[in-house]
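Working notes, beginning with the structure itself.
Since every read-out is calculated from the coordinates, none of them should be taken as a lab result. What you are looking at is a predicted structure, and each value in this text was computed from that prediction instead of being measured. Cβ placement follows ideal geometry from the backbone for every residue including glycine, while neighbour counts extend to all protein chains displayed.
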Amino acid sequence: MSTYKSTGRITAGLLILANVLIPVSILIFATGFFPYKPVLPGLAKFEDYQDDTWKQTAADSAGDSNEIEVKGPSGKFDMVVFMVVDALRSDFVFMEGMGFEYTHQLIRQGSAMPFTAHATSPTITMPRIKAITTGGIPSFLDVILNFDEADTSSSLASQDTWLAQMRAREGDGKLLLYGDDTWLKLFPGMFDRYDGTSSFFVSDFTEVDNNVTRHIAGELQNNDWNTMVLHYLGLDHIGHKTGPRSPHMLPKQREMDAIVREIYEAIETQEHLKNTLLVLCGDHGMNDAGNHGASSPGETSPALVFISPKFKSIAPPATEPSIPACKRCGVGGEGRLCPMRYREDFQYYDTVEQSDLVPTLAALLGVPVPKNNLGAFIGAFLPLWEWKEERTQILMRNALQIRGIVEAGFPGLGEGFEVRNGECDEDGERLGDVERLACHWHAWVAKGRVAGEGDEVYEEWVGDVSRWLLDAQTLMTSMASNYNMTRLYQGIGLVVVAIISSGTAFHISRRISEPQSSTIPFVLTTAAYGTMMFASSYVEEEHHFWYSASTLYVAYLGSKSIAATSPSSPRCKKYFECGKLAGALLAMRVLRGWNQTGQKWAGEPDLVKRFVLPYPAVLWALVFGTYATVWWNLTSNMAIMLKSKILACMWTIVVVPVAIVFKVSFTGEDAPELLGGEGTAVKKGLDLILNVGRGHDGKVGLGLVQKAQLTFVAVGFLAFFAMHGVLSEVVPRRRVWGLRAAMDLWDLVFLMQTRTGNLPLLVLARGLGTYLSSLGLGAGWAGATKGLGRLEWTLAMGIMMQYASFFAMGGSNAISSVDLSSAYNGVARYSIVSVGILTYLGNWAGSVWWSLRCVMGLLERRWVGEYVVETEWLREMEREVLDAEKKAKAQAEEEAEEQGEMEGECAEQKKSKPAVPRKAPPADLTADVEPLLFTTHAAQLTVFTACSLAAVMMACTVLRTHLFIWTVFSPKYLYSMVWCLGQHLVVNLGLGGGLWWVGSA
């Protein structure tokens, strides 16, 4: 016994060490992989972007042999309306059949200059706003900060932006903001008048935009402002909820087009707005599923349109081809034809970098280019300036500004920019990218000295400068992250130590608690998964690995169980086992095809979109069937625990209907099209549920938030009652039913946080769990004669099904697949803790379910002595125990009367509880060995978690210069952080360990 106890302490210590090192290694690696990018402080001034070379080149290109005093080029506009339509993909504006019909008219008549802006990953709002205001490359950590509305660390208050330049411009007006409150977080104190709206209430398609539009008419009458930012969220919300092909999409596009018309007509008719520029753009696009965050063509291709009557003077004919000398001329091969036909790559007209908006806007408004800009001026606007001198200034100042960024990024290169000899011509091909960039700088500067000799030479010079800007932009974009290699190696080293520590604990505890089980399937799965992390395509389509691995493993376990069937058993029993296996494999196939996920086929038709959502009657039949299943199981388990069916029904008949009312109400707000068409029987029936909580006058008595809060309170109260019953139960085996009731209550939370179309997956999960349990999983303790080992149980439920269910519910390794629809259930005011927990549950609900179900299996095996899931069998056992107690008591009383013992002794005997023979647990499950059962389970999970984390870290380090490092591997690392910190430490070890402690106390 002392050996077992000392072994338990050693394994526990090793496990604690490993699980402490995992978060520490994550933090250290992240600080080396995602460093905050240093920025140049202060605001830029025109005099910052000039030197002797610049003055001489400007004078030469202007045709004047004397040096001239350089001043900032004159701006063409005094005011700007910056209209951001969140997730405005390029085809929404430019393609035929879309709702921007008035914008099409402006493009055809030359009043609008259209572009497709390339948005680099991550394609989410905060980093994209940073890109279109600073012109720089945002940190990838903004992906995390984007979800924290209370965060202020990502503020741009001290950075140079075109907004700061407009505010600093002498004698000008105020800055206004109406729309997404992310701008207020990024620019505290910047706006004089504002009305922010939260970007995360994604179920709101209407009010969130009406709150913006209601300010426009009044502000267009005012003349005390120079910048008005409008950020509309409704179109993005529609995409998240119902996709780009939603019936809500076209009306929303027409609504946005009407706003463009209102503003443009005001510019044309109101004198104080005649020098106003309207910019219509998207911060990012969306994929075919309506989400964003990754790097698919739809996500990285937002529309960009500059609108003003002044552009008519420079608009090319509808058939004019692109100008070869200028890659940023803005005129596509199809000219100004609009609308356009569908393009699979979403590249309409000329494509520019999204950061190119910043220097272009600065020149049009007559302000200096922000210091940290990496964008290049869009050459299509050069003809707005008649004087060649001003055109030269615009390009030279942009080049000098980016040259300052290059010199800051590569200290010591400044001298190379100043002095270059003939080595550039002779050895240029052998130079590195940075040195070659310096050589090209001197080449076009030299050419600029003769650029004033003729238009042809000047146009060639413009093309050279544009190409240099593009090369510098490409170079600095690729250097956006200066990796701290020391920290990367430290993080990897610590997680390797965690692998060794947890592996040792796993080996020791397994040898004692389960020496007969094979580790080969677990080792093969871990090795295959780790190897897969080094291939970008496999990371993008990771769900295929888990679908295939889990299906093969279920088939293996089922075949193993069939092979273990006794030869003397009836043939029908083997046929029955084969039928159950076929049913389980069918369930796995349905699970696999329920939601289309990944990158290549995201948004493609799947089972739920093809056969469920279009048919409300089918959908709600499945939904109510799911709730009925939960109610039946909850009532049955509560009845056994409370020893009263009536009392159990009284509790559950309140909780389950409350949950149903919330779900129907949430669906009515979130996706009303799922309620069915008006007049249908489904719609009429659901309307009866929606009317619950309304007053006699038909007005809403309880809002969606209150209904969610009521559901959480009811479930929480009943869960507390169930857990209290578990802890106070003196018969250990009865705790199983109390814990099962708690699991049924978790099912209600699962249903609350899951999209309506995914609710039937709970029935599939229950069916698969029942089948795996019927195989005798978890029964393979040391000394057991039959049953599959607990290592197989943990691998099947604790690892494979956790990952498979995550992807089956629509998850992927792309930021775009994060589901925020349930992030505000019951939340009236933003809280990072509550919203974070609800967001996690909304995306990992299936994984949490399988994790807890896995621990429940271990507990049931521990108390019952033989793993059985069938409720009827457990009830039968309970009845046998009660009958045995009654018989023993009656027999004792009869013996006492026959022997004629004294009255006092007889009374004492009646008070005493007779011994009842019970089914004893296996001999090896002693009090000393039992603690190692959960230890082995936790160690196995920790080994897999540490190995998978190490593989991702190594892949990110080895492939840090890979083309897809920021679009594939970096998001995968973020997901690995969530799997390790959230799913492993909090759920598997925290909740799972708590469940084990309650059940084994």
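So what's the gap between the Cα centers of the range 792-855 and the range 236-271, to the nearest angstrom?
Using only Cα atoms, the two centres lie 34 Å from each other.
Can you work out the Karplus-derived ³J(HN,Hα) for every residue in the range 247-261? Use 6.51 cos²θ - 1.76 cosθ + 1.60 with θ = phi - 60°, whole Hz, and x for glycine or proline.
Computed from phi, the couplings for the range 247-261 are x, 7, 5, 5, x, 5, 4, 5, 4, 5, 5, 5, 5, 4, 4 Hz.
Roughly speaking, what is the centre-to-centre gap between the range 536-592 and the range 361-389 when only Cα atoms are used, to the nearest Å?
First find each Cα centre; the distance between them is then 64 Å.
Which FRET efficiency value, to the nearest 0.05, is calculated for Glu386 and Arg261 with the Förster distance at 22 angstrom and r the Cβ-Cβ distance?
About 0.15, to the nearest 0.05.
Hey, can you grab everything whose amide H is under 5 Å from the amide H of Val80? Only 5+ residues off in sequence or another chain; H modelled, so Pro and N-termini drop out.
Correct list: Thr227, Met228, Leu277.
Ala408 versus Val618, label points 7 Å from Cα toward the beta carbon: distance in nm?
About 5.8 nm, to one decimal.
When all C-alpha to C-alpha distances in the range 184-255 are sorted into bins of 10 Å, what percent of pairs does each bin hold, rounded to whole numbers?
The distribution over the range 184-255 is 17, 43, 29, 10, 0, given as percents.
Determine, from the Cβ-Cβ distance of Val713 and Ala157 and an R0 of 56 Å, the FRET efficiency 1/(1 + (r/R0)^6), rounded to the nearest 0.05.
Here the calculated transfer efficiency is 0.85.
Modelled label-to-label distance, Lys889 and Cys572, 7 Å Cα→beta-carbon offset: nm?
Output for this residue pair reads 4.0 nm.
Report the gain in length on full extension from Arg254 to Leu40: 0.36 nm times residue separation, minus Cα-Cα distance, nm rounded to one decimal.
The Arg254-Leu40 span can extend by a further 72.9 nm.
Grab the beta carbon distance between Phe611 and Glu344, set R0 = 22 Å, and tell me the FRET efficiency rounded to 0.05.
Working: r = 27 Å, r/R0 = 1.23.
After rounding, the FRET efficiency stands at 0.20.
Against the empirical 2.2 N^0.38 Å scaling, what ratio does the C-alpha Rg of the range 805-862 come to?
1.37
Separation between the Lys560 and Val763 pseudo-spin-labels, each 7 Å from Cα along Cα→Cβ, expressed in nm?
3.1
Once fully extended, how much extra length lies between Ala443 and Ser644, figured as 0.36 nm per residue of separation less the alpha-carbon to alpha-carbon distance?
Extending this stretch completely gives an extra 63.3 nm.
Starting from 0.36 nm per residue, how many nanometres of slack lie between Val497 and Ile520 once their C-alpha separation is accounted for?
Working: separation 23, 0.36 × 23 = 8.28 nm, distance 2.22 nm.
Taking 0.36 nm per residue and subtracting the Cα distance, the gain is 6.1 nm.
If amide H atoms are built 1.01 Å from N in the plane of the peptide, which residues on other chains or at least 5 residues away come under 5 Å of the amide H of His231?
It is Val84, Tyr178, Gly179, Asp180, by chain and number.
So which of Lys600/Lys972; Lys274/Lys388; Lys241/Lys600 end up more than 18 Å apart by C-alpha?
Values: Lys600/Lys972 16 Å; Lys274/Lys388 25 Å; Lys241/Lys600 20 Å.
From Lys600/Lys972; Lys274/Lys388; Lys241/Lys600, over 18 Å: Lys274/Lys388; Lys241/Lys600.
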